[in-house]
Amino acid sequence: MLTIYRRHSADCEHFGKPRNARGSRGCGCPVWVQGSLRGEYVRRSLDLTSWEAASELVRGWEASGEIGVRTVRTPPLTEAVQRFLEDAEARGMREKTIRKYRRVLEAELLPFCASKNVGRLDRITVDLLRQFRESLPHQLSTQKKKIESLRTFFAFCIDSDWLEKNPAKKVKVKNVGLNPTMPFSEDEIKRLLDACATFRGNGARLHALIGLLVHSGLRIGDAAALERSRVKNGRVFLYTAKTGTPVMCPLPKHLIQEMEALPGEKYFFWNGQCKLTTLLGKYYRAFLALSVQAQVPKPHFHRFRDSFAVSLLERGVSIENVSVLLGHSSVAVTNKHYAPWVKRRQEILEEQVKGIWQVPA
């Protein structure tokens, strides 16, 4: 049997009092443990001052049957998912990313496991996750992203000492060939901008928003929520690099004037009263109607970001600099998305090589 007690210091009011004072919880003296467990005797400090924490630690030793070894309770799958999502919110993850995890874990994984009568986290096996993969009615590219989300979730469970191995790591998805979104052509961008003049909705605001996307490469969420304070001296503040250096992008003078003429005190394209997701939904619907009027197929705001990147690469801007402007985590990400079909970049490389041939030996 193991017994915890306080070992009072000389300046403690309980020092020197009868033995029953050793269990006092009203002071901050260190907590010790004394007794034996399965024939092993122990008498030492627990390096704790909290009586509750010390009690929980010793109970863990008794549950495992060995001093110093604590059996960690594995939570139910639903609790593990909830704690993962709470941790994601506490870490300040983007709302869009959290929604993605909720969709995979709460709307898909939990119902699937319930249908298989699996409610415990430690009962999830590689084979079960493979069955889950086969149940997904999505394209291979979407399946791959969902499996990556599962790997992130189970990595969190390992860090929390609930699991020893990540079962999602052994679940493979067929390799998907690169299928990037194509940029808008100059003619398509012109037709979209011209259509804003006769658009039945807020054409002036859409015209300025499209101009900002074309000239900055911002994502639609960042552009729609752009604050006026981020545009100064003819440049828009994009983000702060990991080095602490602000990354800025110059904007045409006529575009800045057009944006400043829009109503609103804090934001250019948002009143700040509705949710950002609601605002984006309105812009998506308006842009869809605009693209129909302009007869531009496959409307998607992200294509403006592609147009921005490709226009820079075709004009000889290094892919490293383009990566900085886009805010990619590495040049490899930029190269993966854009290099395969940027012909101008290949032509520049060939011209540089031919220039070396013309130099006399």
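The values are calculated or read from the model by the stated rules, or taken from the named source; none is laboratory data. A quick note: this is a predicted structure, and the numbers were derived from the prediction, not measured. We place every Cβ from the backbone using ideal geometry, glycine too, and count neighbours over all the protein chains shown.
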Can you tell me which residues in region 285-324 are assigned to a helix (DSSP H, G or I), exposed (fewer than 14 other Cβ atoms within 10 Å of the Cβ) and either at positive phi or without any contact (Cβ under 8 Å) to a residue 40 or more places away in the chain (or both)? 285, 288, 292, 320, 321
Going residue by residue through region 81-92, is there one that turns out to be farther than 15 Å from residue 152 by Cβ and touching a Ser or Thr at 6+ places or on another chain (Cβ under 6 Å)? no
Given the conditions (1) free of Cβ contacts under 8 Å to residues at least 12 places away in the same chain; (2) under 22 Å from residue 188 (Cα atoms); (3) in contact with a Pro (Cβ under 9 Å, 6 or more places away or on another chain), and given that residue 282 satisfies all but one, which numbered condition is not satisfied? (3)
Selected residue [touching a residue at least 12 places away in the same chain (Cβ under 8 Å), surrounded by 19 or more Cβ atoms within 10 Å (Cβ to Cβ), of a type in the set (Asp, Glu) and farther than 21 Å from residue 329 by Cα] from 227, 188: 188
Kindly indicate whether any position in region 326-345 is in contact with a Gly (Cβ under 6 Å, 6 or more places away or on another chain) and modelled with pLDDT of 80 or more. yes
Filter result (among the aliphatic types (A, V, I, L, M) and within 17 Å of residue 154 (Cβ to Cβ)) within region 94-113: 104, 105, 109, 110
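Could you identify the single residue in 121, 128 that is aliphatic (A, V, I, L, M) and closer than 22 Å to residue 142 by Cβ?
128
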Identity of the residue in region 106-152, hydroxyl-bearing (Ser, Thr, Tyr) and over 14 Å from residue 166 (Cβ atoms), that ends up surrounded by the fewest Cβ atoms within 10 Å (Cβ to Cβ): 115
